Amino acid sequence: MGELTFDESTHTYRLDGSEIPSVSQIVDEAGCWGDKSFFKSKEPAIKGTRIHRCLELYDKQTLDWNIVKGSNYQPYIDAWSAFLFDHQAKIVLNEDKHHMTMEGVTFAGTIDRILEIDGKVHVVDIKTGKSYPKPYGVQTTAYGCLAEDLLGYEVESVFCLHFKERRGKLEYEVKEKDRAKWMPVWIQALKDRK
């Protein structure tokens with residue numbers, strides 16, 4: 001299986017010490033993002049990483065509420081909590097890093113959440129940014145492949161959970177991805193790497 005490591009500061013995955021591409025890197029190199037003007041600033045990415053960390057700790061029940069209560073992060077936790085409650089979702093895996101080989105390319109990624117809802121397993125990619133570019137379908141499809149490889153069985157669906165402000169309140173929005181539509185794009189991105 002090999003030892004998978006991740007350097008968060010450089011967003012670099014290594015398998016047994018050798019660098020391997022990430023899902024995001026493959027999607028980027030394939031040109032799927034097109035106009036990347038929404039990536040101009042690092043600040044949203046830093047904020048997104050912090051939100052992900054808060055949600056991860058919340059799900060592990062290790063979040064220090066004294067730190068986040070009343071902060072800019074609390075609305076995200078509240079919206080995530082509402083999603084879990086509304087869908088009676090059970091967390092199967094939380095921020096799990098995994099690698100696999102597909103089309104001759106070994107790659108890795110971090111699966112935000114694998115949830116069980118109504119007895120079915122779903123892959124969730126949490127999105128915290130204001131914009132919502134189309135290629136998230138390719139990225140989320142790849143995370144579905146990683147999840148199925150990790151679990152050893154098919155998942156019901158893959159979707160993005162996007163946070164949006166509505167009427168002064170942060171709410172969640174589920175955007176299910178059509179894997180049949182995006183899988184050929186992901187396969188082509190892998191083939192282009194060879």
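The values are calculated or read from the model by the stated rules, or taken from the named source; none is laboratory data. Since the model is a prediction, treat every value here as computed from it, not as a measurement. Cβ: placed from backbone, ideal geometry, glycine included. Neighbour counts: every protein chain shown. What goes into the accessible areas is simple: the full protein's heavy atoms, side chains included, and nothing from ligands, DNA or RNA. Shrake-Rupley method; radii C 1.70, N 1.55, O 1.52, S 1.80 Å.
How far apart, in nm, are two points set 7 Å out from the Cα along the Cα-to-Cβ line at Ile67 and at His87?
2.6
Using θ = phi - 60° and the Karplus form 6.51 cos²θ - 1.76 cosθ + 1.60, what ³J(HN,Hα) does each residue of the range 64-76 get, whole Hz, x for Gly and Pro?
Whole-Hz 3J(HN,Hα) from phi for the range 64-76: 7, 4, 4, 7, 9, 4, x, 7, 5, 8, 4, x, 5.
For mean projected area of the Cα convex hull in nm², several values are listed as (1) 13.5; (2) 11.0; (3) 11.6; flag the one computed from this structure.
The value computed from this structure is option (3).
Which pairs in the list Lys47/Lys191; Lys47/Lys90; Lys60/Lys191 are over 28 Å apart, alpha-carbon to alpha-carbon?
Violating the 28 Å Cα-Cα cut-off are Lys47/Lys191; Lys60/Lys191.
Give the aspartates and glutamates whose C-alpha is closer than 12 Å to that of Lys120, dropping any in the same chain fewer than 8 places away, or say none.
In chain and number order, the partners are Glu154, Glu156.
Measure nothing fancy, just the Cα-based angle from helix 179-193's long axis to the longest principal axis of the chain, in degrees from 0 to 90, nearest 10.
Roughly 50 degrees between the two axes.
Please name whichever of Val138, Leu161, His122 sits farthest to the positive end of the charge dipole of the range 121-170, dipole taken about the Cα centre and charges placed at Cβ: Lys and Arg +1, Asp and Glu -1.
Among Val138, Leu161, His122, the one farthest towards the positive end of the dipole of the range 121-170 is Leu161.
Can you compute the charge dipole magnitude of the chain about its Cα centre, using +1 on each Lys and Arg Cβ and -1 on each Asp and Glu Cβ, nothing else charged? Give it in debye, rounded to the nearest 20.
Charge dipole of the chain: 780 debye, to the nearest 20.
Pop the C-beta distance of His11 and Arg167 into the FRET formula with R0 = 45 Å and round what comes out to the nearest 0.05.
With R0 = 45 Å, the Cβ-Cβ based efficiency is 0.80.
What angle, in degrees between 0 and 90 and rounded to the nearest 10, separates the Cα long axis of helix 136-151 from the longest principal axis of the Cα atoms of the chain?
It works out to around 80 degrees.
At 1.4 Å probe size, with every protein chain present, just tell me what the per residue accessible area of the chain comes to in Å². Walk me through the numbers on the way to the answer.
Numbers: 10630 Å² over 194 residues.
Per residue, the chain has an accessible area of 55 Å².
The range 95-164: which trypsin sites (Lys or Arg not before Pro) are DSSP loop and have at most 15 other beta-carbon atoms within 10 angstrom?
Details: sites: Lys97, Arg113, Lys120, Lys127, Lys130, Lys164; in loops: Lys130.
Passing both the DSSP loop test and the Cβ count: Lys130.
List the GluC sites (Glu not before Pro) within the range 50-132 that DSSP assigns to loop and that have no more than 16 neighbouring Cβ atoms inside 10 Å.
Glu103
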